[in-house]
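Worksheet: one structure, shown below.
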Amino acid sequence: MSRIGIIGAMELEVEELKSCLSLSKVTEKAGMEFFEGSLNGAEVVVVRCGIGKVNAALCVQILADLFEVTHIINTGVAGSLNAALDIGDILVSRDALHHDMDVSALGYEPGIVPQMDTSVFKADEGMVESALEICKEVNPDIHVMSGRVVSGDCFVAGKEIKNRLISSFQGDCAEMEGAAIAHGAYLNHLPFVIIRAISDKADDSAEMDYPTFECAAAKHCARLVKALVTRV
Ligand code: ADE
């Protein structure tokens, strides 16, 4: 039987899922509340990890050790790095990497984590295919595609950094937790997928667009995640 850990960074990214949960237990650990229960008949643990990669990585380890999850879904919003991804669209991760890992002073390419056998963390192909398929069913008016999530501990809101994330990393969307979740899932041999709805274009308009669109974007993701858990 699958037991799926569902991680959102912010309350608005998990509140809809929590409201649909048939709750059995709440556990507090490392400042996070883990909500165990049944979502559409699937066994899940829903948690708001907080913003950024450290919070996200800690959360994955707790889900692995304390809750013994078998799969991880990360849901939330992101800034678009790809002209084909407009506000409100959904990106399903093909893979994820850390755009702020930089050991280039020692000869490593930006993004490479030295002494690891990979720095590009591949999402589970079955979960990716299911998410793409289900998204078309439950969000028929929303454009969905698969692509690369690039993550760092910064909100991307400028042309210069946006262009660098595209040219150096071929990122399709930028956010602040996905690669840490992917990295943690990889180290714990857990299949994962990241599902992100676009809240802004990660450029000079991002500061204005983000607060306007984050709520609607998060809702698109929640609808998809609710359906996806039944087919993992
Ligand atoms: N989450 C949503 N939009 C983002 C952006 N532009 N940069 C980083 N994280 C985000």
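Just a few scattered comments:
- The largest accessible area among His98, His71 belongs to the first residue in His71, His98, and the rest follow in falling order (1.4 Å probe, all chains).
- Shape category assigned to the stretch 179-232 from the gyration tensor of Cα positions, a/c cut at 1.5: oblate
- Cβ-Cβ FRET estimate between Arg164 and Glu68, R0 fixed at 30 Å, reported to 0.05: 0.15
- Highest mobility in the GNM of the chain, judged by mean-square fluctuation with C-alpha springs under 10 Å and restricted to Ala222, Ala123, Ala30, is found for Ala30.
- Each of Gln61 and Asp86 was given a label point 7 Å from its Cα along the Cα-to-Cβ line. The distance between the two points is 4.3 nm.
- The stretch 165-227 and the stretch 112-136: distance between their alpha carbon centers, rounded to Å: 13 Å
- Across the chain: Cys residues that no other cysteine approaches within a C-beta distance under 4.7 Å: Cys20, Cys135, Cys154, Cys173, Cys215, Cys221
- The distance between label points at Ser205 and Glu33 comes to 3.7 nm (points 7 Å beyond Cα on the Cα→Cβ vector).
- Accessible-area ranking of Tyr186, Tyr210, largest first, probe 1.4 Å: Tyr186, Tyr210
- Residue-span extension gain [Asp141 to Lys25] - 0.36 nm each, minus C-alpha spacing: 38.2 nm
- Carbon and sulfur %, accessible surface of the chain computed with the full protein complex present, 1.4 Å: 51 percent
- R0 of 41 Å, Cβ-Cβ distance His189-Glu109: FRET efficiency to nearest 0.05: 0.95
- Rounded if a/c under 1.5, otherwise prolate or oblate - the stretch 70-164, Cα gyration tensor axes: oblate
- Cα gyration tensor category, rounded, prolate or oblate, for the chain with a/c compared to 1.5: oblate
- Accessible surface, the stretch 1-123, averaged per residue in Å² (probe 1.4 Å): 43 Å²
- Of all DSSP beta bridges in the chain, antiparallel share, percent nearest 5: 40 percent
The values are calculated or read from the model by the stated rules, or taken from the named source; none is laboratory data. None of the values given here were measured: they were computed from a predicted structure. Note that we place each Cβ from the backbone using ideal geometry, even for glycine, and neighbour counts take in every protein chain shown. In case anyone asks, the SASA skips ligands and DNA or RNA and just uses the protein heavy atoms, side chains included. Shrake-Rupley method; radii C 1.70, N 1.55, O 1.52, S 1.80 Å.
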